[in-house]
Every structure is written in structure tokens, then in C-alpha cells.
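The values are calculated or read from the model by the stated rules, or taken from the named source; none is laboratory data. What you see is a predicted model; the values in this text were computed from it and never measured. All Cβ positions, even for glycine, are placed from backbone atoms using ideal geometry, and neighbour counts span all protein chains on display. Heavy atoms of the whole protein, side chains included, go into the accessibility calculation; ligands, DNA and RNA do not. Shrake-Rupley method; radii C 1.70, N 1.55, O 1.52, S 1.80 Å.
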Amino acid sequence: MPVASVLWKAALCVVFCLVVTAGTLLADPLAAPSSANNSAVVAQPARPSLAVSVTIFVLAILLGVEVIGKVPATLHTPLMSGSNAISGITVVGAVIAAGALGRWGPAVAFFAIVLAMINVVGGFLVTHRMLQMFKRK
Amino acid sequence: MSHLWRIEIATFAYLVAALLFIWALKSMAHPRTAVRGNLLGVLGMGLAIATAILDEHVAGYVTIVAGLIVGSVVGAVLATRVQMTGMPQMVALLNGFGGLASVLVSGADLLNNEAAVRQGHWPIDVLIAVAASAIVGAVTFSGSLLAYGKLQEFAALKKPIRYPLQQPLNALLGLVVLGLSAWLVVAGGAGHFGTVIGLFAVIALASLLLGLTLVNPIGGADMPVVISLLNSYSGIAAGMTGFVIANNVLMIGGALVGASGIILTQIMCKAMNRSLTNVLFGVLDAGGSGPAASEVYAKVRSTTPEDVALLLDGVQRVVIVPGYGMAVAQAQHAVRELGKTLEDKGVSVEYAIHPVAGRMPGHMNVLLAEADVSYDKLKEMDAINPTMDTVDVAIVIGANDVVNPVAKTDPKSPIAGMPIIEVDRCRTVIVIKRSLSPGFAGIANPLFAADNTLLLFADGKEAVMEITKAIKAG
């Protein structure tokens, strides 16, 4: 599958999600952050049950085992740095925590954003550099 | 209505991000697709971050974007300036940062939800996850930093720091951490917010210590195992944090990375024929059994680069076996030169890579790839071992334990049962080493004294360059 078409499709997905989200933001004034945060206890989405979370977790682990098992030894280092970059997904939690109401929480989360972002950007760049070297010459 | 819509859309966006991550890892299966896979990972991460920012509960965009920019710049600078030989250290360092971030996010979420905790609204499973993310995240952070120090070979960290009652004290520390976690869960159930926060901090700090004691006894050649394990931990920490804040993409991403690390750790342990507990908690019997080095090395024959060049004249198959010594000597470019010179004369040149050669899984492959060696010449141990009988000359550079036949012959040796690159079956073996000092396992290597082995005592890079020069001249 040529690289260009893959990236096109992925980019379209991303754009679609962002457009819908942004559109909702603009369309409904009540959904704007400033007013939603006025209530003392912010309405949270219902937490999924423990069983559901564990199900997702277990399925993801099984999927991971399957997928990783196919990576040849020669690519183990980029695999490590690439998966390391993905573990920087913590940045999402940090952003949510930093944007919440609270005195100390957002401050702590700010540092988490910086650290996780170093992990993400550093990880993906390092992986990219390494993968560029693996060519059939 | 629109409130619920936004939650649904965000959840779907996170799902797409998770799918992109899975696709990215799947693409790592082949060098051809791996580059694109990495870009997919970037896309997934970008989508996840954008979704988080656009989350309706998120305010204070300025600080958030500032944090993102600062982190990105630091990460970019670090990643572009590191040399390939510093890759293992860099991966360890970045790993550590991720672990600390997980701890901080759990802590921040705790602080943000003071009211809910005081009312006892946080269920037991979430409180357990809070403690777990503190433990795993902190262990990852300190363990990774120590691993970084060991890989950078800071003088103070080169040897494990020994102290009396090492094992019992470490076990005690582990028990203390578990006890405090149980206390945290109970306090959280009762709504004692202050106690929970205090315990969280203490557990995190104690776990920092735990991470240090865990990685401290690990030396040089066992590092690939520890690095893979820490890689897994950072994923587990992210997954735990994801459970705390009920975010799917963190849970899925964390599980993927956790699984990836565990598999690599298993591969490393199998390649050394030692169990994980043995690597982490066992004491390596340094040179305990087996004959003394002086006995073994009585018949060692040395050679010169010119003689090696003569030996290589007219051969058909050459296999080069790199080890950590090649990385230390920064000889990968010289080795590639030698390989190319031989190939120009019609010799088939392959590289036999042992799974735990170097300080990180795939270490040798990265170094040789950087030196422009085509990846199809890099052969895995299991693929190349059966063909060793038809190899004319094997050149071992900077490797010791991974070519030590004692692993097959002596069941009491520290490396007994470890799969090795069977160069002893090749017609001639040239070993390039600076001296007869032992490898990481601290034992003698009878390969060096074998009848078909010659030792070239020199620095790896110089030796290889001299051989290449002699071949070109002759």
C-alpha cells in the first residue's frame, strides 16, 4: 500500500474528527469551556465499569503480543524507542488534568505535560532517525 | 444533548488514535513499512492530544500549549543531537521521563478531585490503580535514570554498589511500599483526602528508591533485559494512569507498550538462558566454576593484520560477529569498509547478530545500519548458526561470551545453556580483542585457544582498518 494513500486516509480521519469537534464547539454556545466550568462539581462522563476496563486492557495486551511478535530482531531498537514514544500518551491525561479546575492539580500536570512531551517528540524523532538508516543497499 | 455528543466524539477520536498506534506497531514488522508506521504513530498521538485539548472540560489553553511547546523543543533537541552510539542511553532517559509523567498525572488527578475523594466517591479499584501508577511510574523513572548512568558508564555507577543485607533490605522496601498502598486504599475509601495525598507522595518517593535498588545490581551485558523491562513498565504505568482517569487511549496505548516490553524482555532472557528473576535478583557467579584462565589460554596464538589479510585471500564466505566492543571502539564504519572491500573481491560477507550482543536489543543492528550496511546482510543467530560449517573465516570483533563454547559444554558455567554464535565450527576464527580480559560473565573462553583460532590483539577500529589496508595493498 503506497505511503501517500495511507497518509491521506489517516489525515482525512483526523481532519474529520477535528472538524466535527470544532463544529460542535462553535455551534453550541453552552458547550464552550468557560461556562461548563462554572459549576462547582464538573459533570464527568460516567466511568466505565471495572469489568469493561479490564476487558479493554486484556484485549489490548493480547493484540500487542500478537503484533509485536512479528517484529524482527533487527528492528528491536526502533521498536523500543517507537513504543516508548507511544507510552508518552500520558500527555493526554496531563492535558486533561492541567485544564481542570483546581489549585495544585493543574500546576503538577503542567510538569507532566512537559515530561511526557519530551518522551513523545524525542521518542518519535529518534525512531525516525534510526529507521531512516535501515535501507537495502 | 451536545454534551453527550462531545463525549462520544472524543471517545471515537481516542479509538482512532489507538488504532493508529496499533497500525504503527504492526508496520514495524519490516524495514520497508516501518518508517511509514512511525509517522502513523505521530498522527495518532497528534489526534489524541488535539482531542484532549478540545475536551470541553479543559481550560487554560495557554499553559497547556506552553507545556507542549517546551516539551517538544527539549525532546527535539535531545533526539537530533544524540549519536547512534548513544541510542541505548537516550531510550532509557526518555523512558524515565514518561514514567515520572504518569506519576504526576495520577497525582494531579487526585488533587483535582479532592471533593469527590472526600465524599468517598472513588472506588477501590481506582484507588488501587492510583497506588499502582505511583509505584510503577516512580520505579520506571529512577530505574531508567540509573540505567542511563550505567550505559553512559559514569565512573561511580560502573560497578553495582554493594551493601550488607542487600536482598532482605530490598524485599523489606517492597513490602513497605505494598503496605502503604493498602493504607492508601483504605484511607481513600474513608474519604481522608489529606492522608491519601500524603501516602501517595511517600509511596512515590519510596518507589523511586525501589527503582534504584532494582537496577543497581545489574551490570553491563544484562542491560538489554533491564531496558526492555523498564520499557514495559513505562507502558504499564501509562495504562494504570489511564485507568485512574478513565481514558481508553491511555489504557490501550499503555497495554500495547507494556506487552511490547514484556515480549522483548522474554526474548532477551531466552537468549541468555536465564530466567528474569535470575537476571534481576540472582548473583552472577563471577568465574566460579571452570578452569583458570591461565590454563585455558596457554595455547593462544596471536596474529597480525597482514597475516589476516593473507588468510582472507581467496575465501568465499566470511561472517563478522560484532559485540559490545565494536560499539566501544566505534568500529562499525571500519567494519563496513572491510566488508565492502571483501565483497569487491567476490567474497560473501554476512553479519551474525546475537540477540543480547550490545547493551540493548538490536544494538548491533542499529550501529551497522548507521554505518550503511544493508539490512539483509544482518543475520539472526538462529538463521546463521546452521550454516557455520561452510564459513571460511569468522571475524569476531568485540564479542566474547556470545561466542563462548563453554555454554554448550559446561553445565556448571554461569552461561550454561545460553545459545551462542557457533563460530567454533567455522574453518578459521579471527578474534579481535585488546587483551585476554574476560567478558561480562568473568569466565575464560576456550574459543581463543582453539586450534583454528587466531587472536589479533589491537583496538577494534585500528585492527579492522589495518586489515582493510593490507587487503587493498596485497
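For this structure, a couple of remarks:
- Where B:Val58 falls short, out of the listed (1) open to solvent by less than 10 Å² (accessible area, probe 1.4 Å); (2) at pLDDT 90 or above: (2)
- Number of positions in segment B:426-449 that are free of Cβ contacts under 8 Å to residues at least 40 places away in the same chain, open to solvent by 10 Å² or more (accessible area, probe 1.4 Å) and within 15 Å of B:Ile395 (Cβ to Cβ): 1
- Set B:Leu368, B:Leu342: member being within 22 Å of B:Lys469 (Cβ to Cβ) and without any contact (Cβ under 8 Å) to a residue 60 or more places away in the chain: B:Leu368
- Applying a threshold of 9 Å to beta carbon distances and a minimum spacing of six or more residues, or different chains, the list of pairs starting in segment B:1-14 at a residue that is open to solvent by less than 60 Å² (accessible area, probe 1.4 Å) and ending at one that is at pLDDT below 90 and hydroxyl-bearing (Ser, Thr, Tyr) reads B:Ser2/A:Thr24; B:Arg6/A:Thr21; B:Arg6/A:Thr24; B:Ile9/A:Thr21; B:Ile9/A:Thr24; B:Ala10/A:Thr21; B:Ala13/A:Thr21.
- The residues of segment B:388-412 that are open to solvent by 10 Å² or more (accessible area, probe 1.4 Å) and out of contact with any strand residue (DSSP E or B) (no Cβ under 8 Å at 6 or more places or on another chain), listed by number, are B:Asp389, B:Asp401, B:Pro405, B:Val406, B:Lys408, B:Thr409, B:Asp410, B:Pro411, B:Lys412.
- Only one of the numbered conditions (1) facing chain B (nearest Cβ under 7 Å); (2) open to solvent by 20 Å² or more (accessible area, probe 1.4 Å); (3) within 19 Å of the chain's Cα centre (by Cα); (4) modelled with pLDDT of 90 or more is violated by A:Leu59, and that is (1).
- Any chance B:Leu20 is in a helix (DSSP H, G or I), within 7 Å of chain A (Cβ to nearest Cβ) and of a type in the set (A, V, I, L, M): yes
- Scanning segment B:32-49 for residues being at the interface with another protein chain (Cβ under 7 Å from one of its Cβ atoms) and touching a residue at least 24 places away in the same chain (Cβ under 8 Å) gives a total of 3.
- Verdict on B:Phe154 being more than 14 Å from chain A (Cβ to nearest Cβ), within 19 Å of the chain's Cα centre (by Cα) and either open to solvent by less than 10 Å² (accessible area, probe 1.4 Å) or not basic (Lys, Arg) (or both): yes
- The one condition in (1) within 7 Å of chain B (Cβ to nearest Cβ); (2) free of Cβ contacts under 8 Å to residues at least 12 places away in the same chain; (3) of a type outside the set (Ser, Thr, Tyr) that A:Phe134 fails to fulfil: (2)
- Every listed requirement among (1) open to solvent by less than 10 Å² (accessible area, probe 1.4 Å); (2) within 11 Å of chain A (Cβ to nearest Cβ); (3) touching a residue at least 60 places away in the same chain (Cβ under 8 Å) is met by B:Ile124 save one, (1).
- Residue match in segment B:377-386 (condition: in contact with a helix residue (DSSP H, G or I) (Cβ under 6 Å, 6 or more places away or on another chain), surrounded by fewer than 21 Cβ atoms within 10 Å (Cβ to Cβ) and without any contact (Cβ under 8 Å) to a residue 60 or more places away in the chain): yes
- Evaluation of B:Ala116 against (1) more than 7 Å from chain A (Cβ to nearest Cβ); (2) under 28 Å from the mean Cα position of the chain (by Cα) (one fails), failing number: (2)
- Summed over segment B:242-284, residues that are facing another protein chain (nearest Cβ under 10 Å), hydrophobic (A, V, I, L, M, F, W, C) and either within 17 Å of B:Gly99 (Cβ to Cβ) or open to solvent by less than 50 Å² (accessible area, probe 1.4 Å) (or both) total 17.
- Qualifying helices (runs of 4 or more DSSP H) (wholly inside segment B:323-402; at least 1 residues being under 22 Å from B:Pro31 (Cα atoms) and among the acidic types (Asp, Glu)): B:363-370, B:381-384
- Set side by side, the residues B:Ile197, B:Ile227, B:Ile203 differ, and just one is modelled with pLDDT under 95, assigned to a helix (DSSP H, G or I) and under 30 Å from B:Gln266 (Cα atoms), which is B:Ile227.
- Sole exception among (1) open to solvent by less than 20 Å² (accessible area, probe 1.4 Å); (2) in contact with a Leu (Cβ under 6 Å, 6 or more places away or on another chain) for B:Leu173, by number: (1)
- Which numbered condition B:Ala29 misses (of (1) under 22 Å from the mean Cα position of the chain (by Cα); (2) small (Gly, Ala, Ser); (3) buried (at least 20 other Cβ atoms within 10 Å of the Cβ); (4) at the interface with another protein chain (Cβ under 7 Å from one of its Cβ atoms)): (3)
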